[in-house]
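The values are calculated or read from the model by the stated rules, or taken from the named source; none is laboratory data. All values derive from a computational prediction rather than experimental measurement. Note that each Cβ is placed from the backbone with ideal geometry, even for glycine, and that neighbours are counted across all protein chains shown.
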Amino acid sequence: MGGPLNSAGSLIFENARDFADALPEGGALLGLDLGTKTIGTAVCDAGWRFASNGTTITRAKWGRDRELLGAIIRERSVKGIVLGLPLNMDGTEGPRAQSSRAYARNCAEAFALPVLLWDERWSTQSALGAMIGQDMSRAKRAASIDSHAAAVILQGAIDRLAGGIL
């Protein structure tokens, strides 16, 4: 799938070029790693050079999630959202991918921002490897793995966006 998904999701993209076109002036992006119990967050600079892990939000009802994400969006002047799409290793979609698509629709509607669905396969493993390489304790890894995974997701997307390999 390339461009916007449907009329309700006209701000939802799976193609980096279409997403970039929806952000003609660039701007800070918010990366999200959506879990069943938590949401890892990350942000990048307006020039799309580097992603930094943010906070991990304990999931609740959509209204609370919307409030907390909205605060980050306002504070960081976010212009778009990159949401991890949890595909199966063979590229197919399961229930978690469907849940992420629904969350993308909620975000696009609530914040009126473009949302890029980004393949998140291996993001958690990559983040975990980096954290182990930094000799981070198991307890600290458990507390921040989701936000580190969000940074991996966001960095992958901005590398594609800024590198012009669309």
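Quick check, is R74 touching a helix residue (DSSP H, G or I) at 6+ places or on another chain (Cβ under 7 Å), surrounded by fewer than 17 Cβ atoms within 10 Å (Cβ to Cβ) and under 22 Å from A151 (Cβ atoms)?
No: the conditions fail for R74.
If we keep just the residues of segment 83-101 that are surrounded by fewer than 12 Cβ atoms within 10 Å (Cβ to Cβ) and assigned to a helix (DSSP H, G or I), which is modelled with the highest pLDDT?
Once the filter is applied, the top-ranked residue is Q98.
For segment 62-96: of the residues being among the polar types (S, T, N, Q) and at negative phi, which is farthest from the chain's Cα centre (by Cα)?
So, considering only residues that are among the polar types (S, T, N, Q) and at negative phi, the one farthest from the chain's Cα centre (by Cα) is T92.
Checking the structure you have, find out if any residue of segment 102-111 is free of Cβ contacts under 8 Å to residues at least 24 places away in the same chain and not in a strand (DSSP E or B).
yes
Which of the residues belonging to segment 48-82 are touching a residue at least 60 places away in the same chain (Cβ under 8 Å) and in a strand (DSSP E or B)?
Listed by number, the residues that qualify are A51, S52, N53, G54, T55, T56, G80, V82.
Determine if segment 16-27 includes at least one residue that is out of contact with any Gly (no Cβ under 7 Å at 6 or more places or on another chain), among the charged types (D, E, K, R), more than 15 Å from I158 (Cβ to Cβ) and at pLDDT 90 or above.
Yes, segment 16-27 has at least one match.
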